[in-house]
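Colleague: Next up is a structure, given as structure tokens.
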Amino acid sequence: MLKYQRFRDFLFKFDAENIHNLAENFLAHFANKPIIQDVLLKKFYYQDSMLYCRVCGIPFNNPIGLAAGFDKNATMLEGLATLGFGFLELGTITKLPQSGNPKPRLFRHIEEKSIQNAMGFNNDGADAIKERLKNSYPFCLPIGINFGKNKQTKQEDALSDYEKLLQEFLTLGDYYVFNLSSPNTLNLRNLQNESFVGELFNMARTYTDKPLFLKIAPDISTDSMLQVCKKAIDTGASGIIATNTTLDYSVVKNPKDIGGISGVALRQKSSEVFKILAQNFFKETTLIAVGGISNAMDAYERILHGASLVQVYTGFIFEGPSICKNINQELTTLLKADGFSNIKEAIGANL
Ligand SMILES: Cc1cc2nc3c(=O)[nH]c(=O)nc-3n(C[C@H](O)[C@H](O)[C@H](O)COP(=O)(O)O)c2cc1C
């Protein structure tokens, strides 16, 4: 860990997006070579049958997933699998390729172990990513695919974007996520309303029985959030992923004026939103927690409050490649200490 911290401090001297691209190059082109894979697996992979759990019918060897946004283009699957993730969520993918917002658009808040990003769904688009994914899917880990609408797509055509995306990837994912919560596509969050969400899941259910999730923002009012999530569940959603980044800039000392904040600064807000969701919907649906999770206690707290799975993004940047191993190892200790023999028993135990 100390070694990674030193390396990280060095990397943090450079532009955040350039370092992301460097990491992507390593994970896409080197970490997939058998000899390097062996080394990485030995160092970072951890397995314990206590952590095995079926969620929505899918088997997960451990509950720690990579959140959307890190592997937007499905280029790093094999490299990421060597780092011990229990599942990977790819995307956000849009129908057409797009370059995203102007740079710089990715910033670190080092003291707060947080990130602010205004990426704007930069991705290679459905056709190219689909071709790439065909070579890897089915994969050794569950694969989620996260969909968004193109910047140029009018609000009234958004449903059609999500429909086409789902059609394109019907045979290439284990679960799908409708992302209506990125703050970096103008008016996307306005689609978090009952009418659109109802149409979205009614449409999606005509195509597939696979798990379908809604990913929500931490910034909507509790009433709206509960109404929208209820509508999603009633019209076919298998679950809710909470939360995306926040637009509440008071959580960091020196915010930029664009983009959403993730990481430790988001933890409390995301956790509060998650708890409200769980109090209302735990018995009815499947919940995936994301937002400021960087260690086993963070993960365990959300699991006890109803998360069947958790995801990390910013924690991965700050804690490094051993984050999954560290969380999973410590999770087994926490589960045993509380008398659980499998993670399933802990899910929602505090509700
Ligand atoms: C640089 C960056 C890009 C992201 N891109 C996406 C995205 O494309 N789609 C999405 O649903 N979430 C995206 N997110 C949000 C994360 O998936 C996650 O919900 C959020 O960062 C909170 O988790 P964290 O605190 O562990 O980072 C992005 C986050 C970051 C930091």
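Colleague: For residue 330 and residue 110 in the same chain, what is the full-extension length gain: residue separation times 0.36 nm, less their Cα-Cα distance, in nm?
Modeller: 76.7 nm
Colleague: Output the pairs from 149/269; 151/275; 230/253; 13/130 with a Cα-Cα distance over 29 Å in this structure; if there are none, say none.
Modeller: 151/275; 230/253; 13/130
Colleague: Roughly how many Å² is the accessible area per residue of segment 181-229, as a whole number, for a 1.4 Å probe?
Modeller: I get 40 Å² per residue for this part.
Colleague: Report the percentage of all Cα-Cα pairs in segment 240-314 whose separation exceeds 17 Å, rounded to a whole percent.
Modeller: 39 percent
Colleague: Right, next: Could you give the length gained on full extension between residue 160 and residue 186, defined as 0.36 nm per residue of separation minus the Cα-Cα distance, in nm?
Modeller: Gain on extension, residue 160 to residue 186, equals 7.6 nm.
Colleague: Could you tell me the ratio Rg/Rh of segment 125-226? Both radii from Cα atoms, Rh via Kirkwood.
Modeller: A ratio of 0.97.
Colleague: In the chain, which whole DSSP H runs stretch at least 24 Å along their own axis (Cα) and average -0.5 or higher on the Kyte-Doolittle scale? Numbers along the way, then the final one.
Modeller: Numbers: long enough: 264-281 (25 Å, 0.10).
Those that clear 24 Å and a mean of -0.5 are 264-281.
Colleague: Next question, about the same structure. Give me the percent of the accessible area of the chain that comes from carbon and sulfur atoms, probe 1.4 Å, all protein chains in place.
Modeller: Exposed carbon and sulfur together represent 52 percent of the surface.
Colleague: Taking only Cα atoms of segment 2-346, what ratio of Rg to Rh do you get with Rh as the Kirkwood inverse-distance radius?
Modeller: 0.93
Colleague: Taking the Cα centroid of segment 98-134 and of segment 169-200, what is the distance between the two, rounded to the nearest whole Å?
Modeller: Computed from Cα coordinates, the inter-centre distance equals 17 Å.
Colleague: Using alpha carbon centroids, what distance separates segment 65-96 and segment 1-57, in Å?
Modeller: Answer, in whole Å: 12.
Colleague: Which of 91, 239, 339 moves most in a GNM of the chain, Cα contacts under 10 Å?
Modeller: Residue with maximal mean-square fluctuation among 91, 239, 339: 339.
Colleague: Relative contact order for segment 1-97: what is it in percent, counting Cα pairs under 8 Å that are at least 6 residues apart?
Modeller: 27 percent
Colleague: Turning to a different aspect of this structure: Got the relative contact order for the chain handy, in percent, Cα pairs under 8 Å and 6 or more residues apart?
Modeller: Relative contact order, the chain: 18 percent.
Colleague: Right, next: Starting from 0.36 nm per residue, how many nanometres of slack lie between residue 342 and residue 99 once their C-alpha separation is accounted for?
Modeller: Values: separation 243, 0.36 × 243 = 87.48 nm, distance 4.36 nm.
Difference between extended and current length: 83.1 nm.
The values are calculated or read from the model by the stated rules, or taken from the named source; none is laboratory data. Small disclaimer: the values here were computed from a predicted structure and weren't measured. Calculation scope for accessible area: heavy atoms of the full protein, side chains included, ligands and nucleic acids excluded. Shrake-Rupley method; radii C 1.70, N 1.55, O 1.52, S 1.80 Å.
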